[in-house]
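Comments concern the structure below.
The values are calculated or read from the model by the stated rules, or taken from the named source; none is laboratory data. Fair warning: this is a prediction, and the values are worked out from it, not measured in the lab. With ideal geometry, Cβ positions are generated from the backbone for all residues, glycine too; neighbour counts draw on all protein chains shown.
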């Protein structure tokens, strides 16, 4: 690297050599200030005629772009000293400015981006202001986002030069500079006085004066001693680090790990030499590290802030005042580049990237560590967590599942648990509602027998098709079981392999006296997830293995929609039996692509009801799939969720299971999903009854009832289920199937209403399955079977405002045929008789309020479920008079379950005089 004088001389020579553009790129103070932003394109550029050219392109705002000449290689590692482009400019005043670029790909770049599999295959440029350190920045990403924020840079207010080395494959439209304006601090935050404060002494992060001895004592336990020995040995190892301030240094995971281990070792052993190593290492690192602008780089940047905060807090008494001031200054400068900004009010902590580590761990840890030197960061971060996040989660976690789906939930919830733990260990008092301790149920119940998870939200981890793949997020399990003191969750953590890559966190939080329980048998087979994220998961067992013959089924519906990675899937069902039988087809790769918005996140990728209003338009989409509303907003307070109809995703009408709660014979769920759709929907309810048949050949059955009334009779309704293997369609029944370890699992689907002559059926397979009413979408490159699945769509033959769908699904083993199904109708209900089960479901969308009679043919005893009854007293009596009882139907359950022989039964509201209650001796 040349010294500064040589570089200045080189710049003069380069300006002589450069040609093209206006020749006078310097902008006056007045023009910069009047425009608010300064945009530099081809007309302002000085072009290196040896490497670069200007080409016409109607896609660009200036109709022309700057690109490398054919055959000229990129010089992104400074293979040539002269840049491809020069811009001369003068900022109106000294200060921080935000730089952004706008570029499009040419054919070469488009090919590269189509083949890209991650953000790390973005297209990078090299850039340099004056003779400052050169930096590498993203100019184009593997999805359609031509504008890229390059970063924040300190400009001098004097004449300056911006040099750019281009990658191959892009056409640069313009570079834009805009004065940086920090996020505004809300008025209520300016006056906020936290009631929860850091203690006066250090340490404060993860331990305080009361808990530090406890953590030290646990190091000698059987669970900890071997891990502690390894940590101690690594901490005492020297870490070589040479600083060259003239060369950009990317973040270094190993360096950060070494600094953390050394700081922790000092905290545990008071070894001042090791403590000094941690301080020196982190201080030197902060002086030279650069993060660039690759997507989500805030996560790596935040980790650096967090690690430095640990060193600052744990080694506080070893640092000089100058060292403290320098580290605080560097940490605050890094905070400016976080996605949430500084002050941290650019994003909401309730959802999105603001709900990740940025505030919950990184800035919170920083603000606690430096509280004595500057209390303002803690004032801001504590307000966001205590006054915004805590009350919102107390509301949401009434349903112990996460709105962002299995994968994003595991990631984001782990950061919330960091906040919960940091506050708890700092003060000894919890700040989150106790319902946060129940969130582990979400990951227990979503577990499929093949180790994977039922699909929910964006993305899933699946491994290779046909192989056992155990989904795991051990850090989330650690944070939960240690906080809730849950032995089953600890057993899950141990089953997932522990946390070898973060031993410090494990040593801080694990209680060796809490014994892990790897058995799930203590958990009931069915989980009702409550009113906020309405859903139910029912299963026949807890065997998680490739030999498992368990059935697992899920139904969703009711509650609220929280946007972002949550899908438009109110009412969707999934069934797993020896493989996925029916469910979702979407594949997640990049957020917001045409495929993502028009298919993956949309209702059409799920097994649920569609109703097509030809005039309906969905946000950010070109297609009209007839599904529920596409919502990418989220409520920020419980009050907003409950009062703004935009977030209304329907309501749970009934959930019931029994007769034993641990191993229920039936699991019933009903939701009114009218509000999940637009006003095209006048009334819609979906009822779901899962029957555990206690048989090896036919382990389970599902009765599904949909009652839908649209605002116009010409709005076509579609009953849809998606499957992975080609379905066998016959007149009366359809067969879905999957196979695992030489075993076949079948799902026989018998649609009772509408009848065969009253419906039309279509099957979309392979590439066609990834379409939406004429719009075809390209699936991201994946090996999973969802890429080329099958969609079965049933629609009534005749237009009508109201249609009713009644379907029976049976899961059978290998060559086992389905059991005979008998269906009856009463004035109030549809009745399904299957084996020794009788299920009565309202034949309309409302609860049943009037009397009716059921006649059960044949002989023998039956398990009888009467669903959808209004709350209050009812009575049941047989025509023979042998059976007669009163029963109080509970609101929100709306069911009666009893055992009785074949015969005719009267079901009436009210109580019979002198008759005992059901179950009363």
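So residue 380 passes all but one of these: (1) assigned by TED's automatic domain parsing to the domain that holds residue 485; (2) crowded, with 21+ Cβ neighbours inside 10 Å; (3) assigned to a helix (DSSP H, G or I). Which condition number does it fail? Unmet condition: (1). No other residue among 621, 593, 628, 526 is in contact with a helix residue (DSSP H, G or I) (Cβ under 8 Å, 6 or more places away or on another chain) and in contact (Cβ under 8 Å) with a residue 40 or more places away in the chain apart from 628. Could you pull out the residue among 346, 324 that is touching a residue at least 12 places away in the same chain (Cβ under 8 Å) and either touching a helix residue (DSSP H, G or I) at 6+ places or on another chain (Cβ under 7 Å) or not in a loop (DSSP other than H, G, I, E, B) (or both)? Step by step, each of 346, 324 is checked, and only 324 is touching a residue at least 12 places away in the same chain (Cβ under 8 Å) and either touching a helix residue (DSSP H, G or I) at 6+ places or on another chain (Cβ under 7 Å) or not in a loop (DSSP other than H, G, I, E, B) (or both).
Summed over region 614-657, residues that are over 24 Å from the mean Cα position of the chain (by Cα), farther than 30 Å from residue 896 by Cβ and outside any loop (DSSP other than H, G, I, E, B) total 1. Among the residues of region 787-803, count how many are outside any strand (DSSP E or B) and in contact with a strand residue (DSSP E or B) (Cβ under 9 Å, 6 or more places away or on another chain). Matching residues across region 787-803 total 6.
The condition of being in contact with a helix residue (DSSP H, G or I) (Cβ under 7 Å, 6 or more places away or on another chain) and not in a strand (DSSP E or B) holds for residue 731.
Can you confirm whether region 770-786 contains a residue that is over 28 Å from the mean Cα position of the chain (by Cα), within 13 Å of residue 734 (Cβ to Cβ) and not in a helix (DSSP H, G or I)? The answer is no; no qualifying residue exists.
On inspection, residue 466 qualifies as surrounded by fewer than 23 Cβ atoms within 10 Å (Cβ to Cβ), farther than 20 Å from residue 488 by Cβ and modelled with pLDDT under 95. Screening the candidates 840, 880, 829, 845 for the property of being surrounded by fewer than 16 Cβ atoms within 10 Å (Cβ to Cβ) and either in contact with a helix residue (DSSP H, G or I) (Cβ under 9 Å, 6 or more places away or on another chain) or outside the structural domain of residue 699 (by TED's automatic domain parsing) (or both) yields one hit, 880. Restricting attention to region 353-364, does a residue exist that is touching a helix residue (DSSP H, G or I) at 6+ places or on another chain (Cβ under 9 Å) and surrounded by fewer than 21 Cβ atoms within 10 Å (Cβ to Cβ)? Scanning region 353-364 turns up at least one residue that is touching a helix residue (DSSP H, G or I) at 6+ places or on another chain (Cβ under 9 Å) and surrounded by fewer than 21 Cβ atoms within 10 Å (Cβ to Cβ).
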